[in-house]
Amino acid sequence: MAEHCSRCRTSGARRSLLFCALMALLSFVAAGPFVLAEGIVFHVANRCPFPVWPASAPNTGHPVLSGGGFLVPPGKSKRVVAPATWNGRFWARTGCNFTANGGVGAAAACLTGDCEGRLACNGSVGAPPATLVEVSMHEGPGKGSSYNVSLVDGYNLPVSVSAVPGTGAADPSKCAIAGCARDVNAVCPPEMQVTAKSAVVACKSACLAFGLDAFCCRGAYATPAACRGSVYSRLFKDACPAYYSYAYDTTATTASACHAREYVITFCPGRWGGEPDGAAAAQF
C-alpha cells in the first residue's frame, strides 16, 4: 500500500490519485466484513378483516418512528425501521375516520386507541383502552432486546410478537409472544365495555374502569405482595394468557435476551390461541 501511495506523492496526475483512492478502498474491504447500521426492523402486519391504523410512541429521549402512525389495510404490513436501542410502545387504532376532522386533531378520529384525532401521532400516546406492545431494544453484545404485551390499560385487539428467523435470533421460539385464546371484547363485563353502534369495540381494565388503588396497584397496594389481581384481571388472563393482565402479573410472558434484527408485530394473528403465528414471521 505504501508503494502505491508513493505514486500519489510524486505524481500529480489525476489517474494516479484515482488509483490511490481505489487501492485504499480495496484495503478497507479486505480488512474484514462490515455491516450497514440500519437498526431494528419491525414488520407491522394486519391480519384483521378490517383496516387498522397502527401507532407508536417513543419513551423519553427516543425518536418518533414513521410519523407515529399509519394505515395498514387487511392482509398487508408496513416496514418500520428503528434505532438499535429504541424504547417505546406500539398499539393499533380501529374505526378511524380522518376525513371527518380533516386529520388535524380537532376531535377523536378513531373508536379505539385515538391519538388526538391525528393519523400521524407524532409521539402522542393513544387513548386507552388499547392493547399495548411495550419494547426495549438493545441490539448487539449484551442483554439483548425485550418486549411484552400489556392489558394494564385495557384491550382492543389481539396481537402477537415474534422474531424473524434468520435475522440473528438463536432460538426465535424464545422470542415469541402468542395471541389470545379468545376475543376479550366478547366476554367483557358491561361495566368495562366501550361500545360503538351497539358493538363492543374495546374492554377497559379494572383500573381504568373504576380507578381504585386495589385495581391500579398504587397507594397501599403498590407492591407485588399487596396487589394480587382481581376477578377482572383473571378474565383478561384466561383470554390472553401471555399478556400482562395487571401491573404485577408474574405469569405474563416477557420475551428477553432477543438478538434478532427483525421482528413481526401481528394484529389479529392467524390463530387466536395456541402458539404464535409462525407464518407471519416466516414470510419476511
Among 145, 124, 162, which is over 18 Å from residue 88 (Cβ atoms) and crowded, with 17+ Cβ neighbours inside 10 Å?
162
Using the structure shown, decide if residue 221 is free of Cβ contacts under 8 Å to residues at least 40 places away in the same chain and either more than 23 Å from residue 134 (Cα to Cα) or not polar (S, T, N, Q) (or both).
yes
Residue count, the stretch 63-76 (criterion: open to solvent by 30 Å² or more (accessible area, probe 1.4 Å), out of contact with any Ser or Thr (no Cβ under 8 Å at 6 or more places or on another chain) and in contact (Cβ under 8 Å) with a residue 24 or more places away in the chain):
6
Which of (1) in contact (Cβ under 8 Å) with a residue 24 or more places away in the chain; (2) open to solvent by 10 Å² or more (accessible area, probe 1.4 Å) does residue 213 not meet, given it meets every other one?
(1)
For the stretch 49-62, give me the residue count where each residue is among the hydroxyl-bearing types (Ser, Thr, Tyr) and surrounded by 15 or more Cβ atoms within 10 Å (Cβ to Cβ).
1
Pull up the stretch 187-200, narrow it to residues that are of a type in the set (A, V, I, L, M, F, W, C) and open to solvent by 30 Å² or more (accessible area, probe 1.4 Å), then point me to the one that is farthest from residue 235 (Cα to Cα).
199
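Could you list, in sequence order, all residues of the stretch 237-256 that are of a type in the set (A, V, I, L, M, F, W, C) and either in contact with a Cys (Cβ under 8 Å, 6 or more places away or on another chain) or within 17 Å of residue 91 (Cα to Cα) (or both)?
Result: 239, 240, 242, 247, 255.
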Suppose we filter 15, 79 for residues that are more than 30 Å from residue 134 (Cβ to Cβ), open to solvent by 30 Å² or more (accessible area, probe 1.4 Å) and modelled with pLDDT of 50 or more; which single one remains?
15
Within the stretch 186-201, which residues are free of Cβ contacts under 8 Å to residues at least 40 places away in the same chain and more than 25 Å from the chain's Cα centre (by Cα)?
190, 191, 195, 197, 198, 199
Listed residues 153, 114; which is under 18 Å from residue 242 (Cβ atoms) and not small (Gly, Ala, Ser)?
153
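The values are calculated or read from the model by the stated rules, or taken from the named source; none is laboratory data. Because the structure is predicted, anything quoted here is derived from the model rather than measured. No Cβ is skipped: glycine too gets one built from the backbone with ideal geometry, and neighbour counts run over all protein chains shown. Areas reflect the complete protein model, heavy atoms only, side chains present, ligands, DNA and RNA absent. Shrake-Rupley method; radii C 1.70, N 1.55, O 1.52, S 1.80 Å.
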